[in-house]
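The values are calculated or read from the model by the stated rules, or taken from the named source; none is laboratory data. Worth saying up front: this structure is predicted, and the values here are computed from it rather than measured. We place every Cβ from the backbone using ideal geometry, glycine too, and count neighbours over all the protein chains shown. Quick note on the areas: whole protein, heavy atoms, side chains included, nothing else; ligands and nucleic acids left out. Shrake-Rupley method; radii C 1.70, N 1.55, O 1.52, S 1.80 Å.
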Amino acid sequence: MNKEIKAALLVIDLQKGFIKNYPCFPNLELTLEYVNGTIDLFRKKDLPVIVVKDLSAEGESFPDAFDLIDGLMIEEGEFEVIEKTLTNSFWKTDLEDRLRSKGVEFVVIAGFAAEYCVYGTYQGATERGFHALILKNGITTLNENYALMIEHALNDISYFTLAKLLS
């Protein structure tokens, strides 16, 4: 018997306030290619995509700091949005309730910053009994070594493996 896999994609903190005018590692364009491809995959499979925004981005000194970065293929209002104030997207938010109401069993995590909010959300997911995977090449940060370190330290999945798994 073939069981349908119920997954959700969490797109973490890809906001102008964190990334604008800063070099990202790995290259932000490469990261966006993988994130956008995975968003499209989840769209086609009618699986949840949840955009997580950190309220601290509003403290930056330019008016669009809270906005999603250019090049991210998400239209305003297209997906659910979670607003958070801490690194773990589950802590003091209703993310867990939203995922459980959709029957989600595992989450794929992409976004910024690998060593902070991506890592914190991964830990939060596993603490709550979700299977969590980092999207390989789908995370970025301002420190060159951290994205690779997080991908190697945590369970990750490539776009191609994920596409096969969800087919």
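Brief remarks follow.
- Segment 71-142: GluC sites (Glu not before Pro) in DSSP coil with no more than 10 other Cβ atoms inside 10 Å: 75, 76
- Using every pair of distinct Cα positions in segment 5-82, the Kirkwood expression returns a hydrodynamic radius of 13.2 angstrom.
- Residues of segment 102-125 falling in the label zone of residue 46, defined by backbone nitrogen less than 16 Å from a point 7 Å along Cα to beta-carbon, are 102-104.
- Additional length obtainable on full extension of the chain from residue 5 to residue 148, 0.36 nm per residue less Cα span: 48.7 nm
- Accessible area in square angstrom per residue, the chain, 1.4 angstrom probe: 51 Å²
- Loop GluC sites (Glu not before Pro), segment 1-38, which have at most 15 other Cβ atoms in a 10 Å radius of their Cβ (DSSP): 4
- Filter on 6/53; 16/164; 16/102; 84/164 - keep pairs with C-alpha separation over 26 Å: 16/164; 16/102; 84/164
- All Cα pairs of segment 69-137, percent lying beyond 14 Å: 63 percent
- Rule-of-thumb Rg ratio for segment 25-151 [Cα; 2.2 N^0.38 Å; N residues]: 1.01
- Check: the chain dipole with +1 on Lys, Arg Cβ and -1 on Asp, Glu Cβ, in debye: 660 debye
- Net +/- balance of residues flanking residue 73 in space, Cβ distance below 11 Å, scoring K and R +1, D and E -1: -4
- DSSP beta bridges in the chain [antiparallel fraction, %, rounded to 5]: 10 percent
- Applying both filters, DSSP loop and at most 16 other Cβ atoms within 10 Å, to the trypsin sites (Lys or Arg not before Pro) of segment 119-164 gives 128.
- Separation of segment 108-167 and segment 52-90, taken as the distance between their Cα centroids, equals 18 angstrom.
- For segment 22-137, relative contact order (Cα pairs under 8 Å, six or more residues apart, normalised by length) works out to 24 percent.
- In this simple spin-label model, placing a label point 7 Å from the Cα along the Cα-to-Cβ direction at both residue 98 and residue 62 gives a separation of 2.6 nm.
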